[in-house]
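The values are calculated or read from the model by the stated rules, or taken from the named source; none is laboratory data. Computed from a predicted structure; not experimentally measured. Neighbour counts run over all protein chains shown; Cβ positions are idealised from the backbone, glycine included. Just the protein is used for accessible areas: all its heavy atoms, side chains included, with ligands, DNA and RNA removed. Shrake-Rupley method; radii C 1.70, N 1.55, O 1.52, S 1.80 Å.
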Amino acid sequence: MPSVHLFMTIIGFACLGVAAGYALIMVVATLAWRMQKRQSSSLPRAPITLLKPLCGAEPDLYDHLRTFCRQDYPQFQIVFGVRDPSDPACAVVKQLAAEFPSVPIELVIDPRLHGNNLKISNLINMLTYACHDIIVMADSDAFVESDYLAAVTAPLQDPDVGLVTCIYRGMPTGSLWSRLGAMYINEWYVPSVMLAWLFGHRSYVSGQTICLRRDTLQAIGGLQTVVNHLADDYRLGELVRGLGLRIVLSPYLVRGVHHEPNLGSLTRHELRWMRTIRVLQPLSFRLVFVTFSLPLAAFGIAGAAAGSSLSTAALGLFGITVASRLLLHFVHRLGDDRAATSDLWLLPVRDFLIGWVWFSTFFTSRVTWRGNEFAVDADGVMHSLY
């Protein structure tokens with residue numbers, strides 16, 4: 001049946017072309033982002049309050065929090081917050097306070113809930129203790145260099161900038177599932193953000209680092225406005241842009257520990273992240289499959305082969321996809337102390353797993369966060385199921 005063969009050939013080549021084009025431009029975007037220079041300023045540096053919400057003793061928590069105490073910055077305060085006085089993170093904070101007596105460190109223990117987003121509730125409780133008007137919020141699993149505060153707050157000296165954020169690099173703890181989880185961040189999610197940045201999209205906000213002035217936070221109604229939102233960081237960005245202020249994606253690359261003890265933990269996290277993307281971009285989310293280069297190219301080469309004998313063009317497009325995907329894998333590992341080829345065999349596993357997670361997202365409106373189950377409505381608002 002010539003018509004069927006022709007149809008399969010067209011579909012196959014379309015998939016191969018999209019896969020090759022997207023994989024190649026992801027590499028270009030990643031390289032372009034890495035070529036940026038960090039912003040510096042000769043203006044006086046305003047005092048900063050750093051808010052660090054904590055929950056439990058995460059892997060290497062002490063070492064990671066310690067990097068925030070060693071900042072090369074003239075005046076900063078760190079406020080740590082937990083909900084439970086028996087939280088093991090409390091002992092870590094007390095150890096830090098003893099080691100760095102010159103750094104003003106506050107430990108806030110407050111169980112009050114202001115909504116379903118436990119992290120934002122924790123931050124609201126902590127914000128009362130903030131002494132300074134430049135606020136930096138950073139996740140507990142992040143670790144940084146000594147120039148972090150100076151680099152990420154520099155853009156706020158421009159009054160037209162309302163919020164500064166960062167992308168981050170996932171650092172696995174060593175297990176197979178952690179390595180797969182870090183690859184999700186480093187080789188799919190973050191390159192997608194870089195690609196959007198390359199084309200001028202400036203709405204990205206990551207909870208790994210959010211910097212803003214106190215008056216900006218007050219102007220949007222405070223953190224209470226996002227206390228029930230799943231994508232609280234994205235919603236903060238929307239509100240700041242609503243004030244007519246810009247969001248700046250800092251070239252500073254934060255590193256964050258990515259710990260996944262088992263397959264169930266990995267898929268729950270990725271389903272929550274995918275569900276978040278679906279809430280934020282419900283229409284374009286249906287087309288996210290075009291970003292899964294290897295599965296799309298495999299489908300394309302199968303279609304082209306079913307429609308006719310494989311041509312040089314089909315094999316060439318497939319080769320471009322594979323080569324670009326390999327290059328993306330190696331680029332993000334520049335400067336890594338792990339062997340460059342150690343996770344090479346996981347590439348097809350990772351790319352086909354992400355396709356499965358994306359497909360599964362269409363069949364659930366629930367997310368699991370810190371052991372709690374929530375339903376998420378079309379506006380991204382979480383509703384407790386208990």
Fully extended, how many nm does the chain gain between residue 323 and residue 262 (0.36 nm per residue separation, minus their Cα-Cα distance)?
-> 19.0 nm
The chain: calculated mean residue ellipticity at 222 nm from DSSP helix runs of at least 4, using -39500 (n - 2.57) | -14000 deg cm²/dmol
Over segment 189-260, the quotient of the Cα radius of gyration and 2.2 N^0.38 Å is 1.18
Positive-end extreme of charge dipole, the chain - chosen from 182, 211, 137 (charges on Cβ) = 182
Accessible area expressed per residue, segment 102-146, with surrounding protein chains retained (probe 1.4 Å, Å²) = 41
Accessible carbon and sulfur surface of the chain relative to its total accessible area, %, 1.4 Å = 61
Under a plain spin-label model, where a point goes 7 Å from the Cα along Cα-to-Cβ, how far apart in nm are residue 201 and residue 225?
-> 2.3
Two decimals is fine: what is log10 I(q)/I(0) at q = 0.19 Å⁻¹ for segment 42-105, from a Debye sum with one equal scatterer on every Cα and no solvent?
-> -0.71
For the chain, what is the charge dipole size about the Cα centre, in debye to the nearest 20, if Lys and Arg each add +1 at the Cβ and Asp and Glu each add -1 at the Cβ?
-> 560
Of all DSSP beta bridges with both partners in the chain, the antiparallel percent, nearest 5, is 40
Expressed per residue, the solvent accessible area of segment 168-320 in Å² (1.4 Å probe) is about 39
Segment 159-246, relative contact order [Cα under 8 Å, separation at least 6], % | 42
Among all stretches of the chain without exposed trypsin sites (Lys or Arg not before Pro) (DSSP loop, at most 15 other Cβ atoms within 10 Å), which one is longest?
-> 203-337
Other residues with Cβ under 11 Å from the Cβ of residue 173 give, with Lys and Arg +1 and Asp and Glu -1, a net charge of -3
Check residue 333: other-chain or 5+ apart residues with amide H under 5 Å from its amide H, H built from backbone geometry?
-> none
The long-range amide H neighbours of residue 77, using H built 1.01 Å from N in the peptide plane and a cut-off of under 5 Å, are 48, 49, 50
Please report, in whole Å, how far the alpha carbons of the chain spread along each principal axis, starting with the longest.
-> 76, 50, 42
In nm, the gap between the two label points placed 7 Å beyond Cα toward Cβ at residue 95 and residue 62 is 0.2
Rounded to the nearest Å, what's the spacing between the alpha carbon centres of segment 209-235 and segment 19-38? Just the number, please.
-> 30
With no solvent and one equal point scatterer per Cα, compute the Debye intensity ratio I(q)/I(0) for segment 199-304 at 0.12, 0.18 Å⁻¹ and report its log10, rounded to two decimals.
-> -0.60, -1.12
Considering the options 5, 252, 149, tell which one lies farthest towards the positive end of the dipole of the chain, charges being +1 on Lys and Arg and -1 on Asp and Glu at the Cβ, about the Cα centre.
-> 5
Virtual spin-label span in nm between residue 311 and residue 364, 7 Å along Cα→Cβ = 4.3
hull vol. (C-alpha, convex hull) per residue for segment 261-326, Å³ -> 123
